[in-house]
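Read-outs throughout are calculated quantities, based only on the coordinates presented, and are distinct from any laboratory measurement. Keep in mind that what you see is a predicted model, and the values were worked out from it rather than measured. Neighbour counts are summed over all protein chains in view; Cβ atoms, including those assigned to glycine, are modelled from backbone coordinates with ideal geometry.
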Amino acid sequence: MPDPILYCNDVSGYCCKVRIVLAHKRIAWDERAPPDGYGSAAYRAIVPAGTIPALVHGDLTLSESEAIVEYLDEAWPDPPMLPGSPAARARLRQLSRFHDSRLEPPLRALFAHVHPASRDGAVSAAALDLYAKRLEDLAAIASPAPLLAGGRLSLADCGYPATLMLGRGMAAAFGRALRLPPAIAAYEQALAAHPSVAPALTRCRAATEAWFAAKLGAPLAF
């Protein structure tokens with residue numbers, strides 16, 4: 001079977017998530033930009049959902065990052081990225097879904113407000129307040145040591161590097177001071193230093209910095 005094809009872009013945190021898993025498992029993959037942009041008719045002819053990331057592997061087409069990374073973990077089982085016991089796997093799935101459904105959405109709500117001409121101060125403040133609250137919630141339910149499954153990178157970790165980086169950028173863009181709970185600050189540092197995380201995160205950060213600069217008209221320090 002040919003190598004899997006990953007449709008993605010560099011600024012998407014969910015694409016970063018999939019790249020981390022591919023790198024950690026040392027899977028060879030073919031990376032492509034969606035033809036005519038994601039959501040286009042040309043891309044929907046390949047990936048009906050029209051979203052990124054998407055993975056095509058033989059006859060299989062997947063378009064949700066959580067489904068993609070779980071497929072990769074099962075199809076390339078070495079090294080495993082979920083532990084053996086049902087309870088431990090469920091706990092990590094809970095933390096992975098917390099990222100996707102609770103932590104990342106407040107930041108996504110800010111995308112339309114980054115450009116100064118399109119800002120709604122009340123909406124922006126509420127989204128940043130909610131993001132800060134979600135970080136506190138994460139600290140209450142997670143015990144990184146130094147990662148969510150201890151010393152080994154798990155599927156649950158892979159969404160967090162880009163989102164924690166983006167959170168710092170969003171706070172800076174809106175002139176806010178962001179203080180991570182100590183356990184989450186240490187977790188962010190451990191993630192960024194992991195050899196399977198660092199290349200994907202560096203790529204995502206560079207694209208994110210360029211995106212902020214285009215929106216703000218100047219480089220953003222964060």
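With an a/c value of 1.5 or above and a/b not larger than b/c for the gyration tensor axes a ≥ b ≥ c computed over the alpha-carbon atoms, region 1-44 is described as oblate. Under the rule a/c < 1.5 gives rounded, and otherwise a/b versus b/c splits prolate from oblate, where does the chain land using the Cα gyration tensor? Oblate, because a/c is 1.5 or more while a/b does not exceed b/c.
Quick one: dipole size for region 1-50, taken about the Cα centre, charges +1 on Lys/Arg Cβ and -1 on Asp/Glu Cβ, in debye to the nearest 20. It would help to have the intermediate numbers written out before the result.
Numbers: 6 positive and 5 negative charges, 44 e Å.
Roughly 220 debye for region 1-50.
Taking Cα centre as origin and charging only the Cβ of basic (Lys, Arg, +1) and acidic (Asp, Glu, -1) residues, the dipole magnitude of the chain rounds to 580 debye.
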